[in-house]
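Each reported figure results from applying straightforward, stated rules to the coordinates on display, with no laboratory input. Since this is a predicted model, take the numbers as computed values, not measurements. Because the Cβ atoms are built from the backbone with ideal geometry, glycine has one as well, and the counts that use them run over all protein chains shown.
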Amino acid sequence: MVGGGLAGITAALDCAAGGMSVTLVDVRPRLGGAAYSFERDGLWLDNGQHVFLRCCTAYRALLQRIGSSQRVRLQERLEIPVLKPHCDPVWLRRSALPAPLHLAGTLLRYKHLRVRERLAAIAAAQALRRLEPGEGRLEEQTFGQWLGERGQGEHALAALWDLIALPTLNLPARDASLALSAFVFKTALFAARDAGDIGFHERPLSEVIGEPALEALRGAGVQVKLKWRAQSLQKTAEGVELRGGEQEGLSAEAAIIALPHQRAAGLLGDALAGELDSLAGLGNSPIVNLHLIYDRPVCEFPFAAGVGTPIQYVFDRTAAARLASGQYLAISLSGATQDAHADADRLRERYLPAMAELFPRAREAKLEGFFVSREHAATFRAAPGSAALRPGPATSLAAIALAGSWTDTGWPATLEGAVLSGHAAAAQVLL
């Protein structure tokens, strides 16, 4: 098993449960892959604000499996406060009515859209429900183009549709694949009234994923080798051999490669003779997180979305970080191509005034800490045409399987997609 993210953890547990002797290697000093925590000035901060939904049943089952269910929280009912500078908060809430009626009322009352836009949004949602995400023609168009044809202009995209598209697809609607967008909205918002209820990690990700996963793997008999860099993989008569530079090589009957797509293609280039060359076309989409420590509470919400502001989402992580006084807020910026290359001073100049516009109490508060975390290759680019570039778990060599949220799970690059890919890869090698 190469890679200790959610896909590798899941696959390793499945293979061990299937009777295999499993070794998992990862170049990092901890498990969790792209979902991890880091220490700064005595606080444990998450690299990104990884939320999940009630419909993410595979991810929630993994948390149960590693003993972390008590470290997360699910909303009783979908509820998103949407903030706009100099305006009262507007709420997106589902009702107790069956889907899709559970969202009709909140859309009709959504004051960040004009009345005509609200009516057009409801009509677009009804049309979206009728799409079949697997239809090839949906891969030829962006979500934004499709919405534009149904009366949803740039204002509506920014004020409504990107509230869901950006955090789930890591691209704005104007750039995202219509097929993946249709899947997200149908699965999370239209399949069942409670499917889109949001889940939060109430402890740092290291305590929710990395540390309990390590304990669960060792308890299952998996040998875990951290700080182990896989440099090459060769097919042998007995299976495969993995080499890691000066480290002793590892031989196995089969290998699951659960690495980011570009690293996987590089590691397997010789063994699969160019089979994964198309992965270069998947590209990358970055995520940037800004970590702000104030000397006093300035935000009354556990999380909130922003419109008419550069702030996409902000999360109150004070309790999770165990901050004794003041408030720790994390700004999450998805599809952050420009901000990914901006230095901390420039980001500070842009986002501190934006915070003061959304949260008046921030104008009088003292900022005691400002940190930036970046994931330049956080996800693959979920653009039109990406579906054809995503391989399944099987390769041309029976001894090698692929896992990762970039593989063909049907989901975009999410926590759920990563776990599903691990299950699929384990099933492949257990055949």
Q.
So if each residue of separation counts as 0.36 nm, and I subtract the Cα-Cα distance between residue 295 and residue 96, what length gain in nm does that give?
A. 67.7 nm
**Q.** Between helix 115-129 and the chain: long-axis angle, C-alpha atoms, 0 to 90°, nearest 10
**A.** 30
Q | Three principal axis lengths of the range 128-224 [C-alpha, angstrom, descending] | A | 54, 29, 26
Q: May I ask you to compute the full-extension gain from residue 155 to residue 431, defined as 0.36 nm times their residue separation minus their alpha-carbon distance, rounded to one decimal in nm?
A: 94.3 nm
Q | Centroid-to-centroid separation of the range 110-184 and the range 352-388 [C-alpha atoms, Å] | A | 22
Q | Projected label distance in nm at residue 251 and residue 69, using a 7 Å step from Cα toward the beta-carbon | A | 4.3
(Q) Between helix 6-17 and the chain, what is the angle of the helix's C-alpha long axis to the longest principal axis, kept within 0 to 90° and rounded to the nearest 10? (A) 50
Q.
Once R0 is set to 25 Å, what does the formula 1/(1 + (r/R0)^6) return for the Cβ-Cβ distance between residue 376 and residue 324, expressed as a FRET efficiency to the nearest 0.05?
A. 0.15
Q) Considering the zone a paramagnetic label at residue 243 would reach in this model (a point 7 Å from Cα along the Cα-to-Cβ line), which residues of the range 15-39 have amide N under 19 Å from it? A) 25-27
(Q) How large is the Kirkwood hydrodynamic radius of the range 303-431, counting all unique pairs of alpha carbons, in Å? (A) 17.8
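Stretched out fully, how many nm does the piece from residue 114 to residue 343 gain, at 0.36 nm a residue minus the Cα gap? Don't skip to the answer; put the middle values down first.
Details: separation 229, 0.36 × 229 = 82.44 nm, distance 3.68 nm.
In short, 78.8 nm is gained.
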(Q) Report the Cα centroid-to-centroid distance between the range 77-91 and the range 228-265 in angstrom, as an integer. (A) 49
Q: For the chain, give the share of DSSP beta bridges that are antiparallel, in percent and rounded to the nearest 5; count only bridges with both residues there.
A: 80
(Q) Treating only the Cα positions of the chain as identical point scatterers, give the base-10 log of I(q)/I(0) from the Debye formula at each q in 0.06, 0.09, 0.10 Å⁻¹. (A) -0.25, -0.57, -0.71
Q. Which angle between 0 and 90 degrees, to the nearest 10, do you get for helix 415-429 versus the longest principal axis of the chain when only C-alpha atoms count?
A. 20
Q | Value of [θ]222 nm, deg cm²/dmol, for the chain, DSSP H segments ≥ 4, -39500 (n - 2.57) each, nearest 500 | A | -7500 deg cm²/dmol
Q) Which FRET efficiency value, to the nearest 0.05, is calculated for residue 130 and residue 107 with the Förster distance at 22 angstrom and r the Cβ-Cβ distance? A) 0.80
Q.
Net charge around residue 354, counting only other residues with Cβ within less than 14 Å of its Cβ (Lys, Arg = +1; Asp, Glu = -1)?
A. +2
(Q) What does the charge count around residue 399 come to, taking other residues whose C-beta lies under 15 Å from its C-beta (Lys +1, Arg +1, Asp -1, Glu -1)? (A) -4
